Structure formats: C-alpha cells, structure tokens
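Just so it is clear, none of the values below were taken in a lab; they were calculated from the coordinates. None of the values given here were measured: they were computed from a predicted structure. Positions of Cβ are generated from backbone atoms using ideal geometry, with glycine treated the same way; all protein chains shown enter the neighbour counts.
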Amino acid sequence: MMIEKQILVSLLKLTRQGPFRKELLGKDARVSMPIVDEILEKLCQSMLCQQRRGVVEATSIQRVKIAVRAIQLGADFERVCNFLQWKEFENLAAEAFRANGYSVSNNFRFKHAGKRFEIDLLARMEPLIVCVDCKHWHHGWSRAAIVRVVEMQTNRTEALADAFPIVYEKIGLETWKQAIFTPTVLSLTQGPFKFHNKVPIVPILKIQNFLNELPAHTHLLTHFSIKIKSEKHKLTKFLQ
C-alpha cells in the first residue's frame, strides 16, 4: 500500500504536464521498475491511467480519481491538492461532498434581479444546501482577499435563496419542506482565520471534519432558511 501510494502521488505530479516516459515514475517515486510495471498494470486495469509503448498519461477525470485513491491510502491531502489544477481541485471537493451523501452540481448558474450568478459547487442534502466557492490558491491568501471572497459568496448565496421560487425545480427540491442555504469558502491551504462574518473558510485538508460537524452547527453560521408550505414558497431569512 505504501509503495502504491508513492507511485500514485508521483503519477499525479508527472501527469500535470501531459504524457511522460514510465522510467520517470520509478525515479520520482524511488521504486524499482519491476514494481512500477506491476503497479502500473494494476492502475491501467482500474482505468486510472493508460500506458502505450512506455508512455504513461491520464485524463483530468482520471487524475481526480488518482488523487482520491492516493488520499484513501494515506497520502497527504494538501500535497495531493497541490498537484491538481483548479478545475481538478473543484472536482475533488465535489467528490468529498458526494462521499458524504450530498448531491452536487458543479458551476451552478442562475439569474436573479437582472444579474447572472455562478456558484462553484452546490451541494444538497435535505435540508442543507451548501454553496461553495473553491479557491485553489497557493499564495495571496490575505485577510483582505478572504473578506472580499466571503462577501461575494454571501451575496451569491442570498441571491440564490431569493430566487428559490424560480429555481427550486432546477435544484431538485420539489419534495423538500425546508431549505437552509449556507455560504462556504473552500481553500487549498489554511488562511489567517477560519471564519468571517460567520461564514466558514475551510482548508480542503479539514473538509471531512467540516462535513461531520456542519448539520449540528448550521444554526451558528450565516445562513438563509426557507420553509416550504405546499406549493407556496415562503422565504424566511436568518443571518446569524
């Protein structure tokens, strides 16, 4: 398992630039070529990568699966995310929500009050709707930047709650009796603080802890709550 983890992390690192010779995998992971060949064959059979004439490559979707597998084997979460592109980072976050029972929409777009909005991830598990802004930043994670990002995400989330009577079918909430919209910022690394205006700023390394605690602590966070009575949608907002 340890050797497979090393190879997976190296595979993720090397495929950032496209196809590469398999000999580089052995050098980067510091593993002998017979073992590299054995594990590569296993990974190819599992559709995590492909190899032809000694050249190894992986699609963007495969790279996310490689990252998930490496983390499952104990690879450092943050190091793995450092090897992902922004869109791959977003997809990895979506997989974390799905693994915890959420339905997830990527890049959810809607209109409200004459404006267009987009939310990176819209994660839904009754009664929670987590509106996530993914920030794959390696640097520049300053207090001013976080404040700006949080305020923008709060505005997007409030706009979505306000637009609820129009978009609820698109979101897939026809049978829900209540919806609680929570703005959240997901970052690659830990920022200078964990909350701003009671909006969580979650490093991806802590996402599982966040998801474990969210249902019990939503009332302590900024949120917008809607109670649904039959076919009439009554909007009740709570900013806490």
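Anyone know which of 184, 154, 59 comes out most mobile in the 10 Å Cα GNM of the chain? It is 59.
Each Cα pair under 8 Å and six or more residues apart adds its sequence gap; the mean of these over the residue count of the chain is a relative contact order of 14 percent. Applying a DSSP loop filter and a limit of 10 other Cβ atoms within 10 Å to the trypsin sites (Lys or Arg not before Pro) in region 1-56 leaves 30, 53.
Set the Förster radius R0 to 22 Å, insert the Cβ-Cβ distance between residue 30 and residue 100 as r into 1/(1 + (r/R0)^6), and round the FRET efficiency to 0.05. Walk me through the intermediate numbers first.
Working: r = 35 Å, r/R0 = 1.57.
That pair, residue 30 with residue 100, gives E of 0.05.
For the chain, the longest principal axis of the Cα atoms and the long axis of helix 207-217 meet at an angle of about 20 degrees.
Paramagnetic label reach from residue 166 (point 7 Å along Cα→Cβ; backbone nitrogen cut-off under 17 Å): within region 94-117, residues 108-117.
Here's how it looks for residue 128: its modeled amide H is under 5 Å from those of 180, which are all 5 or more places away or on a different chain.
In nm², what is the average projected area of the convex hull enclosing the Cα atoms of the chain? Could you put the intermediate results ahead of the total?
Working: hull surface 57.6 nm².
The directionally averaged projection comes out at 14.4 nm².
Stretched out straight at 0.36 nm per residue, the stretch from residue 72 to residue 193 would grow longer than its current Cα-Cα span by 40.8 nm.
For the chain, set up a Gaussian network in which alpha carbons nearer than 10 Å are linked by springs, and say which option among 75, 99, 123 fluctuates the most. Comparing 75, 99, 123 in the GNM, the peak value goes to 99. Convex hull of alpha carbon positions in region 2-84: directionally averaged projected area 4.6 nm².
Among 219, 112, the order by Cβ neighbours within 10 angstrom, fewest to most, reads 219, 112. Given R₀ = 35 Å, FRET efficiency for residue 52-residue 86 by Cβ-Cβ distance, to 0.05? Efficiency, from the Cβ-Cβ distance: 0.80.
Comparing 45, 208, 178 in a Gaussian network model of the chain, where Cα atoms under 10 Å apart are tied by springs, the biggest mean-square fluctuation is seen for 45.
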